[in-house]
Amino acid sequence: MFSMSTIFAYMSLRTSPTSPSSPSPSSSSNPVEYHPLSPTSPGAPEEVVHKAHPRIHEIRKASLDGQVILDAGLAQSKTSLGRDDREADQGGRVRRNTVSGGASHRHRAITRESGESETRLKNMQSHPRLDERRADFIPPLIPRERDPISREPTPHREPTSTSPRDVAYREMSPLGSPHDVAGHSESTSPTPYIPRGSPPRDPIHREPTPRESGRTRTRESSRVREGSRARSNTVTSNQGGHDQVRTLLAQNEKLAAQLLEVQRDLADSRKRTVDALKRVAELADERTHAIEQLDTAKTEVAAKEKAVQQRVTDVEARLRRRDDEIRSLTSKLRSAEDRLQNTNKLLEARTADLTGAQAFLSAADVYSGAEIINMVEGLNAEVLQLSAYMAEFVEDPLMHGGATERARLIDKNKELLEKEIRPRLGEALYAHIEKSYLDLRSDPLPLQLALQSILVAWCNFKTRTFASGQFGDVLDNLYAQIRRSEAQAIAGRWRALTNLQMKYFDNELPTNRLIDMLIAMLHFAGWSFASSKSHRAILSVQEKIQNLERLWIQLKNATKSDVTTSDLETFIFPPEIPFDDGMENNYRTDGQGKLTGQKTLCTVAIGLRKTLIARSEGGSLSTRHETLLKPKVVLAAALSLDGENKAPGGPG
């Protein structure tokens, strides 16, 4: 709640002519003071005040409450003064001057206190803190220049008395002099009090009667008592008003401090509001600039989008044209692929026909006769080395077998010895080894010759024939018939094609058959298979036979497939036939002619023969044979020669 001094300070600031917010009385008919932050002021909506400080509403409410209390106090003081006058009037008109003087004295005391209050109020108004904040002071939301009782605007009154005392009272109190308050001047003489019912006084002084004096004293005493009670009530009422004024002054000081703090906060809030408004203006400028940039970007994007859309349209049109072209080209490609496929089929057919025809028409040979001779000599050398290596087995005592074991092994391999080995060795060599097998441990030459004969016969068979068995015999006979009836080119190409196809037939004799014959021959010569060294020796023999097989396969392909202009054939002689010029002695002697007619023992090296079929002028076919490499044979007399002649020689 606001005190009376605070309210007077508000009214003084509001009515001050230097206040920037106080309009002149003639400028507006509205008696209510204009407030720069009032809800009706432009540019400062009430929500700004709300945000500035939340206690502004509490201050306004306290101002209104203080105004109500001030009005009530003034009304109470005015009522007390009126009641005092009435009681004094009822106390007796006889002592009117005395009572009126006392009332005037009390009225002057109250007026003096009011003047002191006014002086304190002026001192508060001239306080430096209020002067510093006067420009920013928020005037109270109360009407200006209103009557404290009727709440109506009070018109300006001119003082009715010009006496020095009334002027002094008016300078001290806004209520004027006591005579102005009472409604008459001090110079006016008081009217003597005449009680009702009393007889009029004689203008000539006379003493009253005792009865009259007693009644008069009684009435005066009662009036004095009533005046005392009235004065006591008035003093009590005034004392309560002074206490309330002091309370309001204390509250006023507290609220003034709060108001200053609120004003400082409000100033800070205004500063922050100004900064915020500046920032809002800057943000608005930035927003405007951003909007302009956005509009520019939108325009550019729209232009680019339009250009891109145009490009997309052009690309789509090109793609449609390309799709049409691709479909057309695909159709053409499909037709071309069909034609190409038909052409490839025709080409394959023509190529096959040409290949078949070329196979019969080609006259070029892959190998020459000299190269074939070298192949045959290489095969003979491998046969010689293998037979000599195996003949040394019987010289090793660790691989010797006893007679019982030899007999058992011969009986085990009897069929192989009789049907395969004996026909290839001949009777003379076979019988010599059978009788003199113990001599082989010191002189293994007969065993070496027997092994050479077996190997040579096997290699000649493998390189000469198309296949083994009856099927091979049929092909041999068929080829012989073709050679007699067709030209060499046709017969040679037929032989080449047939030999190439023979690799798909698995009717050839396996290599293990050759190994079995060689081991049987070793057993026949007294060799034992019981020792571990014998096992290792057989493993090495298998490796050498694989090399030998590679050589005769190469020789067969060269003679059967790679040479078509003539027939190149390997050949050997059967054992125990007379020696002639078509043979070559394996051991060198003084003359070849002296050996003619001698009995041969066996063939130890393969020979090479060339057969050429030519058509004569009359259309008949003639066959001509030419020996390119003579087979080497061993004469029967070689087993009875001295040691000097027994030394084996190289191929001649």
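The values are calculated or read from the model by the stated rules, or taken from the named source; none is laboratory data. These numbers were taken from a predicted model, which means no experiment stands behind them. Positions of Cβ are generated from backbone atoms using ideal geometry, with glycine treated the same way; all protein chains shown enter the neighbour counts.
In this structure, Arg350 qualifies as basic (Lys, Arg), in a helix (DSSP H, G or I) and either within 23 Å of Ile606 (Cα to Cα) or at pLDDT below 90 (or both). Whether a residue is at pLDDT 90 or above, part of a helix (DSSP H, G or I) and either more than 30 Å from Thr611 (Cβ to Cβ) or small (Gly, Ala, Ser) (or both) was assessed, and Lys544 passes this test. Answer yes or no as to whether Leu449 is buried (at least 21 other Cβ atoms within 10 Å of the Cβ), assigned to a helix (DSSP H, G or I), among the aliphatic types (A, V, I, L, M) and assigned by TED's automatic domain parsing to the domain that holds Ile519. Criteria met by Leu449.
Each row is one residue, and each column tells you yes or no for (1) at pLDDT 90 or above; (2) of a type in the set (D, E, K, R); (3) in contact with a Lys or Arg (Cβ under 8 Å, 6 or more places away or on another chain); (4) closer than 24 Å to Ala605 by Cβ.
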residue: Gly378; (1), (2), (3), (4): yes, no, no, yes
residue: Leu386; (1), (2), (3), (4): yes, no, yes, yes
residue: Met399; (1), (2), (3), (4): no, no, yes, no
residue: Ala403; (1), (2), (3), (4): no, no, no, no
residue: Ile410; (1), (2), (3), (4): no, no, no, no
residue: Tyr437; (1), (2), (3), (4): no, no, yes, no
residue: Arg441; (1), (2), (3), (4): no, yes, no, no
residue: Trp458; (1), (2), (3), (4): yes, no, no, yes
residue: Lys462; (1), (2), (3), (4): no, yes, yes, yes
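For the stretch 527-568, filtering for residues that are of a type outside the set (S, T, N, Q) and closer than 30 Å to Asp439 by Cα leaves 14. Taking (1) basic (Lys, Arg); (2) modelled with pLDDT of 90 or more; (3) in contact with a strand residue (DSSP E or B) (Cβ under 7 Å, 6 or more places away or on another chain) in turn, Arg550 satisfies each apart from (3).
In the stretch 460-479, how many are closer than 19 Å to Ala558 by Cα and part of a helix (DSSP H, G or I)? The number of residues fulfilling the criteria is 9.
Would the stretch 462-469 turn up any residue that is within 30 Å of Ile613 (Cβ to Cβ), free of Cβ contacts under 8 Å to residues at least 24 places away in the same chain and either acidic (Asp, Glu) or buried (at least 17 other Cβ atoms within 10 Å of the Cβ) (or both)? The answer is yes, given that some residue of the stretch 462-469 is within 30 Å of Ile613 (Cβ to Cβ), free of Cβ contacts under 8 Å to residues at least 24 places away in the same chain and either acidic (Asp, Glu) or buried (at least 17 other Cβ atoms within 10 Å of the Cβ) (or both).
The listed residues are Leu417, Leu429, and the only one of them that is touching a strand residue (DSSP E or B) at 6+ places or on another chain (Cβ under 6 Å), crowded, with 20+ Cβ neighbours inside 10 Å and either among the polar types (S, T, N, Q) or part of a helix (DSSP H, G or I) (or both) turns out to be Leu429. Residues in the stretch 620-652 that are at pLDDT 65 or above and not hydrophobic (A, V, I, L, M, F, W, C): 11 in all.
Can you find a residue in the stretch 363-376 that is of a type in the set (Phe, Trp, Tyr), surrounded by 10 or more Cβ atoms within 10 Å (Cβ to Cβ), in contact with a strand residue (DSSP E or B) (Cβ under 9 Å, 6 or more places away or on another chain) and within 30 Å of Phe571 (Cα to Cα)? The answer is yes, given that some residue of the stretch 363-376 is of a type in the set (Phe, Trp, Tyr), surrounded by 10 or more Cβ atoms within 10 Å (Cβ to Cβ), in contact with a strand residue (DSSP E or B) (Cβ under 9 Å, 6 or more places away or on another chain) and within 30 Å of Phe571 (Cα to Cα).
Of the residues in the stretch 427-437, not one is within 16 Å of Leu514 (Cα to Cα), in contact with a Phe, Trp or Tyr (Cβ under 8 Å, 6 or more places away or on another chain) and hydrophobic (A, V, I, L, M, F, W, C).
Within the stretch 379-394, the set of residues being surrounded by fewer than 18 Cβ atoms within 10 Å (Cβ to Cβ) and touching a helix residue (DSSP H, G or I) at 6+ places or on another chain (Cβ under 6 Å) comprises just one member, Ala388.
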